[in-house]
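Worksheet for the structure shown next.
The values are calculated or read from the model by the stated rules, or taken from the named source; none is laboratory data. Computed from a prediction, not measured in an experiment: that's the story for all the values here. We place every Cβ from the backbone using ideal geometry, glycine too, and count neighbours over all the protein chains shown.
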Amino acid sequence: MKTLFYNPSTLEVAFADAIASLRDEIQEKLPDYAITKVETNAQLDNPRLTFTVKDPDGDRHQILLQFIQRIDE
């Protein structure tokens with residue numbers, strides 16, 4: 001299948017949605033941290049997920065995942 005649109009591509013959006021849906025499974029693998037929020041921005045050129053995480057000291061941190069599909073070969 002040829003990718004016709006890359007800004008964002010349907011594959012990038014599908015991957016972002018799939019990872020966002022794994023919040024509970026990711027949380028299980030981070031027992032010392034609490035995922036407090038997951039923000040999805042799938043309309044960007046490169047879809048982005050922002051995980052807000054609270055550490056054991058109560059400090060908040062953000063982890064950013066951005067999805068970039070390379071041009072079809």
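Collect the residues in the stretch 41-73 that are touching a Phe, Trp or Tyr at 6+ places or on another chain (Cβ under 7 Å) and among the acidic types (Asp, Glu), keeping them in residue-number order.
Listed by number, the list holds a single entry, 55.
State all residues of the stretch 27-62 that are surrounded by 14 or more Cβ atoms within 10 Å (Cβ to Cβ), over 23 Å from residue 5 (Cα atoms) and either among the charged types (D, E, K, R) or touching a residue at least 12 places away in the same chain (Cβ under 8 Å) (or both); if no residue qualifies, say none.
If the condition is that a residue be surrounded by 14 or more Cβ atoms within 10 Å (Cβ to Cβ), over 23 Å from residue 5 (Cα atoms) and either among the charged types (D, E, K, R) or touching a residue at least 12 places away in the same chain (Cβ under 8 Å) (or both), then 33, 34, 35, 38, 50, 51, 52, 53, 54 are the ones that fit.
Restricting to the stretch 43-59, name every residue that is over 21 Å from residue 69 (Cβ atoms) and of a type in the set (Ser, Thr, Tyr).
Within the stretch 43-59, 52 is the sole residue that qualifies.
Could you list all residues from the stretch 37-62 that are modelled with pLDDT of 95 or more, assigned to a loop (DSSP other than H, G, I, E, B) and within 17 Å of residue 20 (Cα to Cα)?
47
Please give the number of the condition residue 36 fails out of (1) of a type in the set (S, T, N, Q); (2) farther than 15 Å from residue 14 by Cβ; (3) in contact with a Pro (Cβ under 7 Å, 6 or more places away or on another chain).
So residue 36 meets the others, but not (3).
Scan the stretch 1-25 for residues that are touching a residue at least 24 places away in the same chain (Cβ under 8 Å) and among the polar types (S, T, N, Q) and jot them down.
Correct list: 3, 7, 9.
Could you look through the stretch 1-26, keep only residues that are closer than 21 Å to residue 69 by Cβ and among the charged types (D, E, K, R), and pick out the one that is surrounded by the fewest Cβ atoms within 10 Å (Cβ to Cβ)?
In this case the residue turns out to be 2.
Test each condition in (1) in contact with a strand residue (DSSP E or B) (Cβ under 6 Å, 6 or more places away or on another chain); (2) of a type in the set (A, V, I, L, M, F, W, C); (3) modelled with pLDDT under 95 for residue 34 and report the one that comes out false.
Every listed condition holds for residue 34 apart from (3).
In the stretch 63-73, which residue that is in contact (Cβ under 8 Å) with a residue 12 or more places away in the chain and outside any strand (DSSP E or B) is nearest to residue 24 (Cα to Cα)?
Going through the qualifying residues, I end up with 67.
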